[in-house]
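A short worksheet on the structure shown next.
The values are calculated or read from the model by the stated rules, or taken from the named source; none is laboratory data. Bear in mind that the values here come from a model prediction, so they are computed numbers and not experimental data. Reconstructed Cβ throughout: ideal geometry from the backbone, glycine too, with neighbour counts over all protein chains shown.
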Amino acid sequence: MTTSSADDSLRRVLLTVSGTIPADLQQAVASGRRPRVDYVQMAEAFHADLVDHEEAARRTGRTGRIIQRVAGRNGVLAWCCFRSRHDYDVVMTDGEQVGIPFAALLMLSGRRRPRHLMIVHILSVRKKVLPFRLLQLRRRVDELIVYASAQRDFAIHTLGVASHRVTLVPFMVDTEFFSPQPPPSSDARPLVCSAGLEFRDYGTMVEAVRNLDARVVLAAASPWSKRRSELDGMELPSHVEVVRLDLHQLRQLYADASVVVMPLHESDFQAGVTTLLEAMAMGKAIVCTRTTGQTDVVTDGVTGRYVPVGDAPAMRAALSELLDDPARAQALGAAARQWVVEHADIEVYVELLRRRVEHHRTVRG
């Protein structure tokens, strides 16, 4: 996908999309059927070209088909970026799945290459650490964009990336699509909900809500996670319901909720951040497990409540406190909404990354 611009001389930035851009994306956003998408907003702000799996396959042809058999579609995406390296001043890869193989390919490029910005979700796993260290890929990644303080610290202290080349930014959400809605009837039974699959500790949450005087809905599905839900086969209390929802149904679930819970297993990246930001953008009180990686979104006692990993009694106490004090829950939700608008709105996010891209375009000269 190539963006349009009156001045093609500006088009010296390439953004990767580790997936296929829907053909009807622009119409879906314009009609309100889905939130704005980060890569589209970024492409417009950066005057950039987008390359997704389909575009990479088109650009690389037969060679790409051979690479796909060995390295998958993200490998083809990395090869496409490498082949196009002389056409761009900056290449921004949207995750380690593309950024690491692209950085490795840049070893074949000599000194003349584009600046490489790599968005990082979780770099601290063995299969990523090994090539990063062995191939000294920090020399071919000019800046890491990370979403969690733990990932920033790992990159600096364990992988040896210079601190000025690691930028911590909040993840993003479309605060227009996910915005406060009229509260449900005051006579309605309180609703507690959660959503998603990645590293979710639904076992602890189920124990926390057992015999709780509230309806509990778990939207245990994710378009990104390959994990099997730990709720499969679990015996649930009668007031706990497991559902799969589309975006509009999920938004309505947040709107109807008194409290949104993010129960997490220990991890060192921002598991659960999408659900957190969506619910916070809708002005909902949050109860979140404090893990090594999930420390940057909620401010305890200000925009939500943190509880320890695996601590069902602490989660139960936080939930009971907020359900018994609706004014307190509303105050936390309002503060959460304000924080997200100021720090994690999609336009704020895109502007932060635009400045980083412009910095590297200047360095590139």
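All of 259, 287, 363 fail the test of being modelled with pLDDT under 95 and either in the same structural domain as residue 89 (by TED's automatic domain parsing) or more than 15 Å from the chain's Cα centre (by Cα) (or both), apart from 363. Considering 313, 308, the condition of being farther than 20 Å from residue 257 by Cα, free of Cβ contacts under 8 Å to residues at least 40 places away in the same chain and either of a type in the set (Phe, Trp, Tyr) or touching a helix residue (DSSP H, G or I) at 6+ places or on another chain (Cβ under 8 Å) (or both) is satisfied by 308 alone.
Residue by residue, here is whether (1) aromatic (Phe, Trp, Tyr); (2) outside the structural domain of residue 103 (by TED's automatic domain parsing) holds:
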{"site": "149", "(1), (2)": "no, no"}
{"site": "154", "(1), (2)": "yes, no"}
{"site": "165", "(1), (2)": "no, no"}
{"site": "213", "(1), (2)": "no, yes"}
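Does the stretch 159-167 include one or more residues that are on the phi < 0 side of the Ramachandran plot, surrounded by 21 or more Cβ atoms within 10 Å (Cβ to Cβ), in contact (Cβ under 8 Å) with a residue 24 or more places away in the chain and not in a helix (DSSP H, G or I)? No, there is no match, as no residue in the stretch 159-167 is on the phi < 0 side of the Ramachandran plot, surrounded by 21 or more Cβ atoms within 10 Å (Cβ to Cβ), in contact (Cβ under 8 Å) with a residue 24 or more places away in the chain and not in a helix (DSSP H, G or I). Only helices (runs of 4 or more DSSP H) whose full extent lies in the stretch 21-92 are considered here, and the ones with at least 2 residues that are among the basic types (Lys, Arg) are 53-83. Of all residues assigned to the stretch 342-356, none qualifies as being part of a helix (DSSP H, G or I), of a type in the set (Asp, Glu) and surrounded by 22 or more Cβ atoms within 10 Å (Cβ to Cβ).
Condition check: in contact (Cβ under 8 Å) with a residue 40 or more places away in the chain and more than 25 Å from the chain's Cα centre (by Cα). Does residue 94 satisfy that?
no
Criterion first (among the small types (Gly, Ala, Ser) and under 23 Å from residue 40 (Cα atoms)) does residue 149 satisfy it?
Considered against the rule, which asks whether it is among the small types (Gly, Ala, Ser) and under 23 Å from residue 40 (Cα atoms), residue 149 comes out as no.
Give the residue that is nearest to residue 231 (Cα to Cα), with candidates limited to residues of the stretch 279-291 that are touching a Ser or Thr at 6+ places or on another chain (Cβ under 7 Å) and assigned to a loop (DSSP other than H, G, I, E, B). Here the residue is 291.
A quick yes/no check of all residues on (1) buried (at least 21 other Cβ atoms within 10 Å of the Cβ); (2) part of a loop (DSSP other than H, G, I, E, B); (3) not β-branched (Val, Ile, Thr):
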| site | (1), (2), (3) |
| --- | --- |
| 254 | yes, no, yes |
| 261 | yes, no, no |
| 268 | no, yes, yes |
| 271 | yes, yes, yes |
| 274 | no, no, no |
| 277 | yes, no, yes |
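Could you say whether any residue in the stretch 266-275 is assigned by TED's automatic domain parsing to the domain that holds residue 198 and free of Cβ contacts under 8 Å to residues at least 24 places away in the same chain? There is no residue in the stretch 266-275 that is assigned by TED's automatic domain parsing to the domain that holds residue 198 and free of Cβ contacts under 8 Å to residues at least 24 places away in the same chain.
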